[in-house]
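The next block holds one structure in the form of structure tokens; read it before the comments.
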Amino acid sequence: MTEFLTLTITAMVPFLFVAQGTMLSGRAGIFNVAQEGLMLLGAAVGYLVSLKMGGNVVGLIVAALAGAVVGFILSWATTSLRLDQFVVGLALFFLAGGTASLLYRIVIGDDEPPRIKPLPDLVLGQDAMVFVAIGLSVFLWWWLYRTDAGMRLRSVGENPKAADSLGINVARTRMWAGTVGAALMAVGGAYLPMVFSGVYADGIVAGRGWLAIALAFFGGWRPQFILAGAAFFAAMDVLAQRAQVSGIGIPHQFVSMLPYLATLLVMVFALRWALVPQFLGKNYDRESRIVG
Amino acid sequence: MSNDVTENPGATEVTDVAVAPPLSQRARSFAFAAIPYAVAVLAAFVVVGIIITALGHDPTEAFRAVLTNSFRNQTGFVQTLHKWAPLTLLSLAFAIPLGAGRFNIGGEGQMILGTVGAAAVGITMSELPMVILLPLVILVGILAGAVWAAISAWLMESFKINEILSTVLLNFVSFEVLDYVASVVWSDPGAGGAVTLPVGEGAVLPGIGRPPMHTGVLIVVLVSVVAAVMAKRSVAGFELRAVGLNERASRLHGIRTGRVAVTSMVVAGALAGLAGAIEVAGVHQRTLEGVQSNFLLLGIIIGLIARGSLTAVPFVAFGIAVLEVGAGSMQRVSGAPVEIVLILEGLILLFLLMSDVATERFRRARASRAAKGALA
């Protein structure tokens, strides 16, 4: 049982970083769909930097910076140029994913990749990033709901016209929310080789990026529920792996389906819960006379 | 969320619907549309060429390998067509709902269900003669894909659940369905891994030529012609674009917008299901884990590069199929890694978007100059 809990908590961390990053961008109206590519980029950069420049901490920081660059491009293209968020997001997804494989290929080539040192345990058999991820969720909740700046950010994602009329800089808010959100996603990716595999591989993300989007919806775009949702997603993930190995009476495929079906059911039955930022995925044009 | 996005990429060419403009004007508007493409493709090749050079390989050699591999011999060409068929179908499955302003990211899941349906029929009824079995296999594949997409369409219409979310989630469910079918229900014990038993002989699409090209390619040619004509010349195609351009206005003019959106999703699912059935009946003769390949992502890229134009999709798909088939040969010949091709495709899309912005600014600047001239 303790082993189950430990595994669940570890599996929760990448989901948390990526889903909270998605949430942060989304609350400012930027719907990032490049998670999968950003995680790959984070994983490749994190792995390579940890390997060549020594130290997981440096790896995590550089990965975050790489993610921030991609996030900035997304925010700029959708805020200043007002290009379609979804289209730009997908283009950046391909570019980030391609860059990740390419970087790995250039540095490591076709050789057997050396393993990087795993993150050291801090307390209770958990590494420091576990506490960072949970602390981040708590901080985001406090910041979004208990500070002025957080309320301003939320207002930008709900009604930018009203926010603009009250003197909030809509463009700047969207820019930095999109940038920081993408940096968090890359950190979530960088965590993967540092804890699970020790090496980078092109299939390392395995759909976790898309799941993080589902998680953001599952949690109603609120950090506290995303934390709970991440625990649920991770527990199902661990349970499915256990079912695959030892068998628990039901085929593991059906256990694996649960998080996806549960998300859909939450969306269907909990309409009040399933709040979505009103301006999610839309671009704000100050000059336009039509809101939305 | 996508109901009233004003800058909808799928709805760019509604202008030539009402009255056919004179030929010279059409030629000019074609040129206006072609210039961004040329610039984007050229710029992407230049940037990638610089990357290849920086990696210490010869870019001309790499580009020659990647572009000529499909045309040097029969094998390469047939390989390209076999890739082109599912790419075109999955890209149509993305582009058709895009026309109505909906994002179908579920082509993968719909295709997988198509393979499962087709394989189920092909395995359980393997004794049937080909005249009955083959149409049945294709039909069940189409149906399975359509039903899978209908779930998302229903959730979208009845519960206002974002279709991006539901289609992505159903993709993940479909992976598990495929795994269950291929490793438990009809598992091939000799194969090792999640692979089903082979389908009956009557379920295999006949091949033409040498090396054999499966006849599924011809089905796809037919489908893409029908889709392009329907989009331009039918009421359904008009309503689709109208909804994508302005949903509220369409509703006020009596178009049943909800039904148009749902239909577009179901048709998309049917096409993705057809892709699955063709992969089973033409390529693998069974279904297996990973049958979906990366067709969904490439399908989305193709749909976006084609800007949702169903006429352009098959041509763009052919270009991408050439790049994909040539990628391996490029790595063998020049040493430039295959990942370059993914970057190339992403850059073409990104530069296309940028050139849109540039064209728009250019047009606006010219319009304001003209306005000033009129005042003076």
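The values are calculated or read from the model by the stated rules, or taken from the named source; none is laboratory data. In this text the structure is predicted, and so the values were computed from the model without any measurement. Neighbour counts are summed over all protein chains in view; Cβ atoms, including those assigned to glycine, are modelled from backbone coordinates with ideal geometry.
Can you list the helices (runs of 4 or more DSSP H) found entirely within the range B:145-255 that contain at least 1 residues being under 21 Å from B:V283 (Cα atoms) and touching a residue at least 60 places away in the same chain (Cβ under 8 Å)? Break it down stepwise before answering.
Details: elements: B:163-180, B:216-233, B:235-245, B:247-252.
In the range B:145-255, the matching helices (runs of 4 or more DSSP H) lie at B:163-180, B:216-233.
Of the numbered conditions (1) within 17 Å of the chain's Cα centre (by Cα); (2) within 14 Å of another protein chain (Cβ to nearest Cβ); (3) touching a residue at least 24 places away in the same chain (Cβ under 8 Å), A:A206 satisfies every one except a single condition; which is it?
Here A:A206 meets the rest and fails (3).
Within the range B:349-376, work out how many residues are under 21 Å from the mean Cα position of the chain (by Cα) and either closer than 29 Å to A:V107 by Cβ or more than 8 Å from chain A (Cβ to nearest Cβ) (or both). Steps first, answer last, please.
Of the residues in the range B:349-376, the ones under 21 Å from the mean Cα position of the chain (by Cα) are B:349-353.
Going one step further and asking which of them are either closer than 29 Å to A:V107 by Cβ or more than 8 Å from chain A (Cβ to nearest Cβ) (or both), we end up with B:349-352.
Number satisfying all stated conditions: 4.
Against the definition (more than 14 Å from every other protein chain (Cβ to nearest Cβ), surrounded by 15 or more Cβ atoms within 10 Å (Cβ to Cβ) and either in a loop (DSSP other than H, G, I, E, B) or not β-branched (V, I, T) (or both)), how does B:A268 come out, yes or no? Talk me through it step by step, then tell me what you get.
On the way: more than 14 Å from every other protein chain (Cβ to nearest Cβ): yes; surrounded by 15 or more Cβ atoms within 10 Å (Cβ to Cβ): yes; either in a loop (DSSP other than H, G, I, E, B) or not β-branched (V, I, T) (or both): yes.
Here the answer is yes, as B:A268 does meet what is asked.
When you go through A:G71, A:G29, A:G42 one by one, which is the residue that is under 17 Å from the mean Cα position of the chain (by Cα), within 22 Å of A:W143 (Cα to Cα) and away from chain B (no Cβ under 14 Å)?
Details: A:G29 fails: away from chain B (no Cβ under 14 Å); A:G42 fails: within 22 Å of A:W143 (Cα to Cα).
Of the residues listed, the single one that is under 17 Å from the mean Cα position of the chain (by Cα), within 22 Å of A:W143 (Cα to Cα) and away from chain B (no Cβ under 14 Å) is A:G71.
Testing A:A149 on (1) over 17 Å from the mean Cα position of the chain (by Cα); (2) surrounded by 24 or more Cβ atoms within 10 Å (Cβ to Cβ), one condition comes back false. Which one is that?
Looking at each condition in turn, A:A149 falls short on (2).
Only one of these conditions is not met by B:G200: (1) surrounded by fewer than 18 Cβ atoms within 10 Å (Cβ to Cβ); (2) under 30 Å from B:V280 (Cα atoms); (3) at pLDDT below 90. Which number is it?
That leaves (1) as the condition not met.
Is it the case that the range B:38-54 has a residue that's touching a Pro at 6+ places or on another chain (Cβ under 7 Å), over 20 Å from B:A321 (Cβ atoms) and among the aliphatic types (A, V, I, L, M)? If you could, list the steps in order and put the result at the bottom.
First pass over the range B:38-54, keeping only residues touching a Pro at 6+ places or on another chain (Cβ under 7 Å): B:49, B:52-53.
In the following step, the residues that additionally are over 20 Å from B:A321 (Cβ atoms) were identified as B:49, B:52-53.
Next, only the ones that are among the aliphatic types (A, V, I, L, M) stay: B:52.
Yes, the range B:38-54 contains at least one residue that is touching a Pro at 6+ places or on another chain (Cβ under 7 Å), over 20 Å from B:A321 (Cβ atoms) and among the aliphatic types (A, V, I, L, M).
Any residue in the range A:237-258 that is among the basic types (K, R), in a helix (DSSP H, G or I) and modelled with pLDDT of 85 or more?
no
Yes/no matrix, rows are residues, columns are (1) at the interface with chain A (Cβ under 8 Å from one of its Cβ atoms); (2) under 17 Å from A:A214 (Cβ atoms); (3) aliphatic (A, V, I, L, M); (4) touching a helix residue (DSSP H, G or I) at 6+ places or on another chain (Cβ under 6 Å):
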position	(1), (2), (3), (4)
B:P135	no, no, no, no
B:I138	no, no, yes, yes
B:A144	no, no, yes, yes
B:V147	no, no, yes, no
B:E157	no, no, no, yes
B:E163	no, yes, no, yes
B:L170	yes, yes, yes, yes
B:V173	yes, yes, yes, yes
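Taking the range B:122-144 only, how many residues are over 19 Å from B:I219 (Cβ atoms), assigned to a helix (DSSP H, G or I) and not polar (S, T, N, Q)?
The first filter runs over the range B:122-144 and keeps only residues over 19 Å from B:I219 (Cβ atoms), leaving B:123-129.
Now restrict to residues that are assigned to a helix (DSSP H, G or I): B:123-124.
Restricting the remaining residues to those that are not polar (S, T, N, Q) gives B:123.
Selection size over the range B:122-144: 1.
If the requirement is being of a type in the set (A, V, I, L, M) and over 24 Å from B:G276 (Cβ atoms), which of these qualifies: B:V243, B:V217? Working first, answer last.
Numbers: B:V217 fails: over 24 Å from B:G276 (Cβ atoms).
On inspection, the qualifying residue turns out to be B:V243.
Test B:E127 against the stated conditions and say whether it is under 25 Å from B:P212 (Cβ atoms) and surrounded by fewer than 24 Cβ atoms within 10 Å (Cβ to Cβ). So that I can check it myself, show each step before the final result.
On the way: under 25 Å from B:P212 (Cβ atoms): yes; surrounded by fewer than 24 Cβ atoms within 10 Å (Cβ to Cβ): yes.
The answer is yes for B:E127.
Could you go through the range B:104-121 and let me know if any residue there is in a helix (DSSP H, G or I) and either over 23 Å from the mean Cα position of the chain (by Cα) or at pLDDT below 90 (or both).
Within the range B:104-121 (the criterion being in a helix (DSSP H, G or I) and either over 23 Å from the mean Cα position of the chain (by Cα) or at pLDDT below 90 (or both)), the answer is yes, since at least one residue qualifies.
Take the conditions within 14 Å of chain A (Cβ to nearest Cβ) and more than 18 Å from the chain's Cα centre (by Cα) and apply them to B:V181. Does it pass?
Values: within 14 Å of chain A (Cβ to nearest Cβ): yes; more than 18 Å from the chain's Cα centre (by Cα): yes.
Here the answer is yes, as B:V181 does meet what is asked.
Of all residues in the range A:206-217, count the ones that are small (G, A, S) and buried (at least 23 other Cβ atoms within 10 Å of the Cβ). Spell out the reasoning first.
Of the range A:206-217, the ones small (G, A, S) are A:206-207, A:209, A:212, A:214, A:216.
Subset that is buried (at least 23 other Cβ atoms within 10 Å of the Cβ): A:209, A:212, A:214, A:216.
Here the count works out to 4.
Would you tally the residues in the range A:218-232 being in a helix (DSSP H, G or I) and either away from chain B (no Cβ under 11 Å) or surrounded by fewer than 20 Cβ atoms within 10 Å (Cβ to Cβ) (or both)?
Going through the range A:218-232, the residues in a helix (DSSP H, G or I) turn out to be A:218, A:223-232.
Within this subset, residues satisfying the condition of being either away from chain B (no Cβ under 11 Å) or surrounded by fewer than 20 Cβ atoms within 10 Å (Cβ to Cβ) (or both) are A:223-232.
Residues in the range A:218-232 being in a helix (DSSP H, G or I) and either away from chain B (no Cβ under 11 Å) or surrounded by fewer than 20 Cβ atoms within 10 Å (Cβ to Cβ) (or both): 10 in total.
Which one is surrounded by the most Cβ atoms within 10 Å (Cβ to Cβ) among residues in the range B:331-364 that are closer than 13 Å to B:V39 by Cβ and modelled with pLDDT under 80?
B:D356
Taking into account only those residues within the range A:259-292 that are buried (at least 17 other Cβ atoms within 10 Å of the Cβ) and more than 12 Å from A:F218 (Cα to Cα), which is modelled with the lowest pLDDT? Talk me through it step by step, then tell me what you get.
Restricting attention to the range A:259-292, the residues satisfying the condition of being buried (at least 17 other Cβ atoms within 10 Å of the Cβ) are A:259-260, A:262-264, A:266-267, A:274, A:276-277, A:279-284.
When the remaining residues are screened for being more than 12 Å from A:F218 (Cα to Cα), the result is A:277, A:279-284.
On the way: A:P277: 83, A:F279: 83, A:L280: 83, A:G281: 78, A:K282: 81, A:N283: 81, A:Y284: 84.
Only one residue fits best here, namely A:G281.
What is the one condition in (1) crowded, with 16+ Cβ neighbours inside 10 Å; (2) more than 23 Å from A:A66 (Cα to Cα); (3) of a type outside the set (V, I, T) that A:R174 does not satisfy?
So A:R174 meets the others, but not (2).
Which of (1) of a type outside the set (S, T, N, Q); (2) touching a Pro at 6+ places or on another chain (Cβ under 7 Å); (3) not in a helix (DSSP H, G or I) does A:D111 not meet, given it meets every other one?
(2)
On the given criteria, is A:T263 away from chain B (no Cβ under 14 Å), of a type in the set (S, T, Y) and part of a helix (DSSP H, G or I)?
Details: away from chain B (no Cβ under 14 Å): no; of a type in the set (S, T, Y): yes; part of a helix (DSSP H, G or I): yes.
Here the answer is no, as A:T263 does not meet what is asked.
Just one of the numbered conditions (1) within 14 Å of chain B (Cβ to nearest Cβ); (2) at pLDDT 90 or above is not true of A:A214; which one?
Only one criterion is unmet by A:A214, namely (2).
Any chance you could count how many residues in the range B:300-348 are away from chain A (no Cβ under 12 Å), among the β-branched types (V, I, T) and more than 11 Å from the chain's Cα centre (by Cα)?
4
Looking only at residues in the range A:74-95 that are in a helix (DSSP H, G or I) and polar (S, T, N, Q), which one is nearest to the other protein chains (Cβ to nearest Cβ)? Talk me through it step by step, then tell me what you get.
Narrowing the range A:74-95 to residues in a helix (DSSP H, G or I): A:74-79, A:85-95.
Filter once more, so that each one left must be polar (S, T, N, Q): A:75, A:78-79, A:85.
Numbers: A:S75: 15, A:T78: 10, A:T79: 13, A:Q85: 9 Å.
For the range A:74-95, the residue satisfying everything is A:Q85.
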